[in-house]
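Inspection log for the structure reproduced underneath, given as structure tokens.
The values are calculated or read from the model by the stated rules, or taken from the named source; none is laboratory data. All of these numbers come straight from a predicted model, not from anything done at the bench. So basically every Cβ, Gly included, is an ideal-geometry build from the backbone, and we count neighbours across all protein chains shown.
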Amino acid sequence: MSIEERLGYHFKDPFLLEVALSHPSLSSEIRPAPPDNQRLEFLGDAVLELAVTDYLYQSHPDFQEGVLTKLRSSVVSKSALATTAVRLEIGEELKMSNGEEGSGGRMRASNLADAMESLFGAIYLDAGFAAAREIILRILEPEFEQLDPDTTQGNSKGELQEILQKLSPESPDYNITSEEGPPHSRTFVASVNWMNEELGTGEGPSKKSAETAAATKALQLKLWENKSS
């Protein structure tokens, strides 16, 4: 499978793809020095951050700035991007000097992360932001699925469980009530119920995040106080 097939994108300008995969170390062996991916990395970093920021902002209307910032950081960090690059076998496609390759450059996390950002920048130049956003969100879908808003919100589900167990041994029950959207951009809606009453609903790009949003809404509404009064 070619790199374009793995990315799910065919470049109109193949030179952009070539530059995105060119490590700066090539300048030590080739004269005149060929274009490398540093400028594309700079651009792609901004494109990536905007795409992920917009997605998280739209997908989590109940989350505050601090939570959104932490979620974004876990997706766009160098280590996360390197993991994505390994999954897409980007290292095998990189063009680099013999010295860089001999020192493990094809699997170096910084090289892999830089290459991912460069590729996103190249796609942006080749087709615009809308296309780049679509590709980024599809490529990063596994990373979005792994996001755990509980760890950034003080564990809303755990907090709700603790409050309700002081009132009754019955635990809250979470249900996914709907899901819609294309595979790379699903939206799930969850409800949390307790003692035959719906305490809150929430939505998110994964079942876990939707359940967390429902718990967060329940903590805001405090409908259980009606039963305990």
Inspect all residues belonging to the stretch 120-133 and state whether any of them is over 18 Å from Arg72 (Cβ atoms) and of a type in the set (D, E, K, R). yes
For the stretch 66-82, give me each residue that is more than 13 Å from Ala115 (Cβ to Cβ) and either out of contact with any Leu (no Cβ under 8 Å at 6 or more places or on another chain) or among the hydroxyl-bearing types (Ser, Thr, Tyr) (or both). Gly66, Val67, Thr69, Lys70, Ser73, Ser74, Ser77, Ser79, Ala80
Within the stretch 174-187, track down each residue that is surrounded by 13 or more Cβ atoms within 10 Å (Cβ to Cβ) and not polar (S, T, N, Q). Tyr174, Ile176, Glu179, His184, Arg186
With the checklist (1) aliphatic (A, V, I, L, M); (2) over 23 Å from Pro14 (Cβ atoms); (3) surrounded by fewer than 14 Cβ atoms within 10 Å (Cβ to Cβ) in hand, flag the one item Ala131 doesn't pass. (2)
Taking Tyr9, is it assigned to a loop (DSSP other than H, G, I, E, B) and under 20 Å from the mean Cα position of the chain (by Cα)? yes
Go through the residues of the stretch 74-91 one by one and say whether even a single one is in the same structural domain as Leu16 (by TED's automatic domain parsing), farther than 30 Å from Gly204 by Cα and assigned to a helix (DSSP H, G or I). yes
Report every pair of residues separated by at least 6 positions or lying on different chains whose Cβ atoms are under 9 Å apart, first residue within the stretch 25-50 and in a helix (DSSP H, G or I), second loosely packed, with under 15 Cβ neighbours inside 10 Å and modelled with pLDDT under 85. Leu26/Ala33; Leu26/Pro34; Ser27/Ala33; Ser27/Pro34
So, in the stretch 138-149, exactly how many residues are surrounded by fewer than 20 Cβ atoms within 10 Å (Cβ to Cβ) and not basic (Lys, Arg)? 6
Could you tell me whether any residue of the stretch 87-100 is within 15 Å of Leu140 (Cβ to Cβ), in contact with a Phe, Trp or Tyr (Cβ under 8 Å, 6 or more places away or on another chain) and either crowded, with 17+ Cβ neighbours inside 10 Å or hydrophobic (A, V, I, L, M, F, W, C) (or both)? no
Residue under question is Asp54, and the condition is that it be in a helix (DSSP H, G or I), in the same structural domain as Ser28 (by TED's automatic domain parsing) and surrounded by fewer than 17 Cβ atoms within 10 Å (Cβ to Cβ); does it hold? yes
